[in-house]
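Q: If you scroll down you'll find the structure; I have some questions about it.
The values are calculated or read from the model by the stated rules, or taken from the named source; none is laboratory data. The shown structure was predicted, so the numbers you read here are calculated from the model rather than taken from an experiment. Cβ coordinates were reconstructed from backbone atoms using ideal geometry, including for glycine residues, and neighbour counts include every protein chain displayed.
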Amino acid sequence: MSHPFVITQRVLGLLLMLFSFAMLVPAAAAILFRDGELAAFVDGFAATFLAGLLLWLPVRHLRRDLKLREGFLVVVLFWVVLSLFGAVPLYLAESPSMSFTDAVFESASGLTTTGATVLTGLDALPHAVLVWRQLLQWLGGMGIIVLAVAVLPMLGVGGMQLYRAETPGPLKDAKLTPRIRETAKALWLIYVGLTALCAAAFWLAGMGAFDAVMHALSTLSTGGFSTHDLSMGHFDSALIETIALVFMFLGAVNFALHFAAWRHASAAPYWRDAEFRGFALLSATMILVCAAFLLATGTRANAGAALLDSAFQVVSIGTTTGYTTADFTVWPAFLPMMLILGSIVAGCGGSTSGGIKVMRFQLLYRQGLREIRRLVHPSAEVPIKLGGRVIPDSVVQAIWGFFSAYVGVYIMVFLILTATGLDEVSAFSAVAACLNNLGPGLGEVSATMVGVSAVGKWVLGLAMIMGRLEIFTLLAVLTPAFWRG
């Protein structure tokens, strides 16, 4: 009788072999642009493919669907193992010269679409390295969508059951079935299509072809890596910023809604969705507050500049993309902290954005109102509704559990970072930047994470993966009950 997790070994082997072929893309870029690092990516491909092959060969004949516990393990290993192997070519590359810790941090940041970096001098890096960073974010973004829309709802992680209603296509509850492949295929088509549209729009707006494709990869994935140190500010173009703003917003919308809108050739599915309306309202409110304050303090001279800067930074930070066109960390008063805190709410479930997600906050708010009503009318039955649907108490309890775990992890990582010598503002924002998969922070981590200690980088790398996996998924795998079950 085979070990209960042996099917996980087969899936992981296949994942690694598939992932290895992605390294041939930057290898091709090294040949095309002739600026070095071909060997690093060829060696990375060989090492990753061989590791996957060695895992897959002994169990290649095993055929059955994944069960729940195996699904948890695959989801965790996807980001942990791929982050480690994604670091191989970065570690082997001569330019930039990276320690193993920095290479893993950069790889994890890419795959989790966090966008925090330990690199400077991006404009002078070899094209192959730039391509790999962007490609990691794009692949991670798609993995997140499939995870959030097709996998986590069945695992019942932190209230993710809610997204089952919007999932394009039927899914079984008991095990991870081939129907997920149908769902994933539809999501891939939408993701690739929107990426192509974004790249074309950037190119038509004046970006070079290379930059257009590279930034499209990190815009739809709400990752935020750029090929330039000045990020989107390098292009100094209102049109390019507007295009980025639109596609960042689309990346932070539930991709099941994109699927429904495409299938019905109508925008109605968006406006019927309570979470989308909440996300749009929150974004608009923050933009207006930010623009008004920039004007009132004289930080921006005219309404047009204030509105564009505010809209770009609010959407960039609020969708956890992390592009910058201006140094928002020096904006007056509460604005920098408001933007960082906005990343905690972030975008919609089933999107590439990080954070707790709008839907969870909507339900927490309604739960708070219900408790106030119960104080006045203790015997009243007050259901919680969202978008006309009554939400089961089990889902609300799961969301409270998720929120509690989020706060607990946030505090723990914050204390560890301060113990390594990071000041409180930098530590607080670094946790927000990584746990919410945002990227930029405040203070010492406003531009890069270079100043963070090696211990801090490993802890923040784990925080990125925890945030990406909705926290509960990783915590569940770490419990003894999981392995006994």
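Q: One residue is enough: does segment 346-369 have a residue meeting the conditions under 21 Å from Gly318 (Cβ atoms), hydrophobic (A, V, I, L, M, F, W, C) and in contact with a strand residue (DSSP E or B) (Cβ under 9 Å, 6 or more places away or on another chain)?
A: The answer is yes, given that some residue of segment 346-369 is under 21 Å from Gly318 (Cβ atoms), hydrophobic (A, V, I, L, M, F, W, C) and in contact with a strand residue (DSSP E or B) (Cβ under 9 Å, 6 or more places away or on another chain).
Q: Moving on to the next point. Can you tell me which residue in segment 380-391 is nearest to Trp271 (Cα to Cα), limited to those that are surrounded by 10 or more Cβ atoms within 10 Å (Cβ to Cβ) and touching a Lys or Arg at 6+ places or on another chain (Cβ under 9 Å)?
A: Our first condition is that a residue be surrounded by 10 or more Cβ atoms within 10 Å (Cβ to Cβ); within segment 380-391, this holds for 382-387, 389, 391.
Filter once more, keeping what is touching a Lys or Arg at 6+ places or on another chain (Cβ under 9 Å): 382-387, 391.
Values: Val382: 26, Pro383: 23, Ile384: 20, Lys385: 17, Leu386: 13, Gly387: 10, Ile391: 20 Å.
Once the filter is applied, the top-ranked residue is Gly387.
Q: Further, regarding this structure: Hey, which of the helices (runs of 4 or more DSSP H) in segment 99-188, taking only ones fully inside, have at least 1 residues that are modelled with pLDDT under 55 and either of a type in the set (A, V, I, L, M, F, W, C) or out of contact with any Ser or Thr (no Cβ under 7 Å at 6 or more places or on another chain) (or both)?
A: Working: elements: 100-111, 127-146, 152-155.
By residue number, 152-155.
Residue-wise test of (1) surrounded by fewer than 22 Cβ atoms within 10 Å (Cβ to Cβ); (2) in contact (Cβ under 8 Å) with a residue 60 or more places away in the chain; (3) in a loop (DSSP other than H, G, I, E, B).
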| position | (1), (2), (3) |
| --- | --- |
| Val315 | no, yes, no |
| Tyr323 | no, yes, yes |
| Leu341 | yes, yes, no |
| Thr352 | no, yes, yes |
| Arg374 | yes, no, no |
| Pro378 | yes, no, yes |
| Ala398 | yes, yes, no |
| Ser404 | yes, no, no |
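Q: Quick test for you: out of Thr242, Thr219, pick the one residue that is under 17 Å from the mean Cα position of the chain (by Cα) and not acidic (Asp, Glu). Walk me through how you get there before you give the answer.
A: Working: Thr242 fails: under 17 Å from the mean Cα position of the chain (by Cα).
Among Thr242, Thr219, only Thr219 is under 17 Å from the mean Cα position of the chain (by Cα) and not acidic (Asp, Glu).
Q: Kindly provide the set of residues from segment 433-455 that are at pLDDT 95 or above, touching a helix residue (DSSP H, G or I) at 6+ places or on another chain (Cβ under 7 Å) and surrounded by fewer than 24 Cβ atoms within 10 Å (Cβ to Cβ), ordered by number.
A: Ala454
Q: Another question, if that's okay. Scanning segment 462-485 for residues that are touching a Phe, Trp or Tyr at 6+ places or on another chain (Cβ under 8 Å) and among the aromatic types (Phe, Trp, Tyr), which turns out nearest to Ile356 (Cα to Cα)? So that I can check it myself, show each step before the final result.
A: Of segment 462-485, the ones touching a Phe, Trp or Tyr at 6+ places or on another chain (Cβ under 8 Å) are 465, 468-473, 476-477, 482.
If we keep only those that are among the aromatic types (Phe, Trp, Tyr) too, we end up with 472, 482.
Working: Phe472: 12, Phe482: 24 Å.
Applying the filter and picking the extreme gives Phe472.
Q: Pairs under 8 Å by beta carbon, first residue touching a residue at least 60 places away in the same chain (Cβ under 8 Å) and under 16 Å from Gly318 (Cβ atoms) in segment 233-255, partner in a helix (DSSP H, G or I) and among the small types (Gly, Ala, Ser), six or more apart or different chains?
A: Ala244/Ser316; Leu245/Ala311; Leu245/Ser316; Met248/Ser316; Phe249/Ser283; Gly251/Gly141; Ala252/Gly318
Q: Right, another one. Please go through segment 444-464 and pick out each residue that is assigned to a helix (DSSP H, G or I), of a type outside the set (D, E, K, R) and without any contact (Cβ under 8 Å) to a residue 60 or more places away in the chain. Full working, then the answer.
A: We begin by selecting, within segment 444-464, every residue assigned to a helix (DSSP H, G or I); these are 444-445, 454-464.
Filter again for of a type outside the set (D, E, K, R), leaving 445, 454-456, 458-464.
Residues satisfying the conditions are Val455, Gly456, Val459, Leu462, Ala463.
Q: Would you check if Ala93 is within 22 Å of the chain's Cα centre (by Cα) and of a type in the set (A, V, I, L, M, F, W, C)? I'd like the intermediate steps shown before the answer.
A: Numbers: within 22 Å of the chain's Cα centre (by Cα): no; of a type in the set (A, V, I, L, M, F, W, C): yes.
No: the conditions fail for Ala93.
Q: Is it the case that some residue within segment 216-229 is aromatic (Phe, Trp, Tyr), assigned to a helix (DSSP H, G or I) and either modelled with pLDDT of 95 or more or under 25 Å from Ala346 (Cα atoms) (or both)?
A: Applying the first criterion (aromatic (Phe, Trp, Tyr)) to segment 216-229 yields 225.
Remaining after also requiring assigned to a helix (DSSP H, G or I): none.
Scanning segment 216-229, I find no residue that is aromatic (Phe, Trp, Tyr), assigned to a helix (DSSP H, G or I) and either modelled with pLDDT of 95 or more or under 25 Å from Ala346 (Cα atoms) (or both), so the answer is no.
Q: Does Phe472 satisfy the criteria of being crowded, with 18+ Cβ neighbours inside 10 Å and modelled with pLDDT under 85?
A: Working: crowded, with 18+ Cβ neighbours inside 10 Å: yes; modelled with pLDDT under 85: yes.
Considered against the rule, which asks whether it is crowded, with 18+ Cβ neighbours inside 10 Å and modelled with pLDDT under 85, Phe472 comes out as yes.
Q: With respect to Ser394, determine if the residue is of a type in the set (Ser, Thr, Tyr), exposed (fewer than 12 other Cβ atoms within 10 Å of the Cβ) and not in a helix (DSSP H, G or I).
A: Details: of a type in the set (Ser, Thr, Tyr): yes; exposed (fewer than 12 other Cβ atoms within 10 Å of the Cβ): yes; not in a helix (DSSP H, G or I): no.
It is false that Ser394 is of a type in the set (Ser, Thr, Tyr), exposed (fewer than 12 other Cβ atoms within 10 Å of the Cβ) and not in a helix (DSSP H, G or I).
Q: Here are Phe72, Phe85, Phe41, Phe105: which of them is touching a residue at least 24 places away in the same chain (Cβ under 8 Å) and touching a Pro at 6+ places or on another chain (Cβ under 9 Å)?
A: Working: Phe72 fails: touching a Pro at 6+ places or on another chain (Cβ under 9 Å); Phe85 fails: touching a Pro at 6+ places or on another chain (Cβ under 9 Å); Phe105 fails: touching a Pro at 6+ places or on another chain (Cβ under 9 Å).
Just a single option satisfies the conditions, and that option is Phe41.
Q: Identify, please: which residue in segment 354-372 is closer than 24 Å to Tyr323 by Cβ and β-branched (Val, Ile, Thr) and is, among those, surrounded by the fewest Cβ atoms within 10 Å (Cβ to Cβ)?
A: Pass one, segment 354-372, residues closer than 24 Å to Tyr323 by Cβ: 354-358, 361.
Narrowing further to those that are β-branched (Val, Ile, Thr): 356, 358.
Numbers: Ile356: 23, Val358: 28.
Result: Ile356.
Q: Would you be able to say whether some residue in segment 54-64 is out of contact with any strand residue (DSSP E or B) (no Cβ under 8 Å at 6 or more places or on another chain), surrounded by 15 or more Cβ atoms within 10 Å (Cβ to Cβ), assigned to a helix (DSSP H, G or I) and at pLDDT 90 or above?
A: Step one: filter segment 54-64 for residues out of contact with any strand residue (DSSP E or B) (no Cβ under 8 Å at 6 or more places or on another chain), giving 54-64.
From what's left, surrounded by 15 or more Cβ atoms within 10 Å (Cβ to Cβ): 55-56, 59.
Imposing the further condition that a residue be assigned to a helix (DSSP H, G or I) reduces the set to 55-56, 59.
Applying the additional criterion that residues be at pLDDT 90 or above yields 55-56.
Yes, that holds for at least one residue.
Q: Taking segment 272-295 as the search range and keeping residues that are surrounded by fewer than 16 Cβ atoms within 10 Å (Cβ to Cβ) and of a type outside the set (Gly, Ala, Ser), which one is modelled with the lowest pLDDT?
A: Only one residue tops the list, namely Arg272.
Q: Among (1) free of Cβ contacts under 8 Å to residues at least 24 places away in the same chain; (2) buried (at least 24 other Cβ atoms within 10 Å of the Cβ), which single condition is Gly467 missing?
A: (1)
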